[in-house]
Amino acid sequence: MSNENEDETQSFPRTIEEQLSIGAVSSSTNSRSTAEEEKLIIADAIRSLPSHVLRDLLSIGVCVRCILRLLGVRGHVYSCSSLSSSILCTVVEESKPVCGDAEDSNVLFCSVCMGILQFSNVGEGGVLVRRDGAHDFAVSVAEFAKRDGHDIDGFAIEISIPSIILANEHAARLYMTKKYGSEIWFKEKLHNDSITVKDALRLSVTNSLETLLGIKSGIDSFQIRLTYTHTKASPNIPKFAEALSLRMESGGTTDASSSIDEFQINGSEDSEHTSGVADSVIKKCLNSKQDKEFCEHFESPLTKVNRPCQLELHCHRAPIYIGGRYLKYSRNVSQTKWIIDDERMGEASVEEIIGSNILPVCRGDNYKFHAAGREDIDVRMLGSGRPFLIEVHNARCLPPMVSIDIMEKRINSLDSKLVRVRNLKMVGNQGWALMREGEVEKQKQYAALVWISRRIEEDDLQSLSSVKEMQILQKTPIRVLHRRSPLVREKIIHWMKVEKLVGNSQYFLLHLCTQAGTYIKEFVHGDFGRTHPSIGSMLGCRAEILKLDVTDVKMDCFN
């Protein structure tokens, strides 16, 4: 670094606090205290930065927060409401910022973040929205978060930005490397791992959002999502894409070039679709560090930005899970809604009966029903019930235990008496994992009314009742081949007991315990030899199952 620059850098911090104090007026003790704290934070952040670089970056349209990012500054300075390009201009004695916070409609936006860290954006209907600072932006986000009536006990911020901003940042770094790479401060200040636009935005608004919402941020189920897009990519993107396409084709890579072809075919660079394709090309370039091609096709310094990014706000809660066990008493109720050729099968479904009583209490958008296995529409679910989960999407209310008890009573008091639930409770992801793990290991017990084509003998009863841990082979049943893969499955019949019916020589009740996934109907009649052995093959006659009940699902969840 020249002596002139060294002297300038050394003398720069001596008057920062004094310069930041110019015009500072407070209306209360608290505001004075906050303003003084912010001045000290800003002064400390700027203290060791080379003033000639600050002037240069301001002159090419980089906003104050991007300047601090590019120069490796971290910490709470990003959340200071008084941090602005105007203040930085005061410090470095520039007359006015090139990109800035002024009300003048001709003021340009940051050539790196495209207005994101200036809290300016295009809103609904293409209206340009400018805000006074980070706190003002946080106020608008907090108002939006409250609008939908969510019960919020914590929040996390998700941010999506167009990848053209990554290219802008890459171009800014290359510009600084080329111009200042030989200066002493450069290696210390220009960090490749400096904070991102996303992180800077989070630092800028999180504290204010915590205050406005009265809750803490962190890893939470309630997400505030900020999605930024920009419909116009750099004018040099097509040229850069063509150069990168030629390089990749010579190397035998076609994925990127096919994207480029799509970009060129679809024409207009102003369309949102083509901008997205071009962004993917830029990401490929940045990841492979093609600096030579980059420098050839992107302007350095960066082009001025006349219009900021478009912002779409969206608030949602990650799915919540309410689990328990259900019992089904009807042989005309399916587990899930069943429609064939626009005609409903059965009079109702377990899914609808339970879900329609849970969703209104949680005030969610919709729900999904999950169960540990399934029974056919004509099979009752008795005993302790089958484990299930209702996955509620974007629940605005997190029901307390008392509300869940009310849900359970409401379902169990329905006039139809088709379905009953027990042990209803709110569970986290661990409930889902338990149910999935237990589904593989579980045993199921059944009671079946069986008819055979001859008289049942005492030897038959003893033969069937003596079965223990018998292995059977089942090909995918004919009745489900249209929706299941044609496989051969090994299953275990753990035990069987036969109960003879008085006055009926060809009917008996079969009680059995099997491995999860055993097709019971096919085990009885044999499915034309596709299940072996079967009750029919063991007795040497035709066997048919007339009625079937599930009497127990042995799993360690929701007991």
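The values are calculated or read from the model by the stated rules, or taken from the named source; none is laboratory data. Only a predicted model underlies this, so the values are computations on that prediction, with no experimental measurement involved. No Cβ is skipped: glycine too gets one built from the backbone with ideal geometry, and neighbour counts run over all protein chains shown. Note: accessible area is taken over every heavy atom of the protein model, side chains too, but ligands, DNA and RNA are not part of it. Shrake-Rupley method; radii C 1.70, N 1.55, O 1.52, S 1.80 Å.
If you go through the range 155-164 and keep only what is at pLDDT 90 or above and not hydrophobic (A, V, I, L, M, F, W, C), you end up with 158, 160.
A Cβ distance below 6 Å, combined with a sequence gap of six or more or placement on separate chains, defines the contacts here; from the range 192-203, residues that are at pLDDT 90 or above reach residues that are surrounded by 18 or more Cβ atoms within 10 Å (Cβ to Cβ) and among the polar types (S, T, N, Q) in the pairs 203/79.
Hey, does the range 490-500 have a residue that's in a strand (DSSP E or B), surrounded by fewer than 18 Cβ atoms within 10 Å (Cβ to Cβ), β-branched (Val, Ile, Thr) and under 42 Å from the mean Cα position of the chain (by Cα)? Checking the range 490-500: at least one residue is in a strand (DSSP E or B), surrounded by fewer than 18 Cβ atoms within 10 Å (Cβ to Cβ), β-branched (Val, Ile, Thr) and under 42 Å from the mean Cα position of the chain (by Cα).
Residues that are modelled with pLDDT under 95 and loosely packed, with under 14 Cβ neighbours inside 10 Å were ranked within the range 438-453; the one that is farthest from residue 369 (Cα to Cα) is 441.
Determine whether residue 421 is under 18 Å from residue 331 (Cβ atoms) and either surrounded by fewer than 14 Cβ atoms within 10 Å (Cβ to Cβ) or more than 26 Å from the chain's Cα centre (by Cα) (or both). Answer is no for this residue. The residues of the range 509-559 that are in a loop (DSSP other than H, G, I, E, B) and of a type in the set (Val, Ile, Thr) amount to a single one, 518.
Under the condition of being touching a residue at least 40 places away in the same chain (Cβ under 8 Å), over 21 Å from residue 372 (Cβ atoms) and either of a type in the set (Val, Ile, Thr) or crowded, with 18+ Cβ neighbours inside 10 Å (or both), the residues counted in the range 512-529 number 2. When residue 256 is tested against (1) at pLDDT below 55; (2) exposed (fewer than 14 other Cβ atoms within 10 Å of the Cβ); (3) assigned to a helix (DSSP H, G or I), exactly one condition is not met: (2).
Annotation note: of 317, 396, the sole residue that is at pLDDT below 95, open to solvent by 10 Å² or more (accessible area, probe 1.4 Å) and touching a His at 6+ places or on another chain (Cβ under 8 Å) is 396. Summed over the range 320-343, residues that are buried (at least 18 other Cβ atoms within 10 Å of the Cβ) and in contact with a Gly (Cβ under 6 Å, 6 or more places away or on another chain) total 7. Restricting attention to the range 332-350, the residues that are in contact (Cβ under 8 Å) with a residue 12 or more places away in the chain and either touching a Lys or Arg at 6+ places or on another chain (Cβ under 6 Å) or of a type in the set (Val, Ile, Thr) (or both) total 5. Among the conditions (1) of a type outside the set (Ser, Thr, Tyr); (2) in contact with a strand residue (DSSP E or B) (Cβ under 9 Å, 6 or more places away or on another chain); (3) modelled with pLDDT under 85, the only one that residue 89 does not satisfy is (2).
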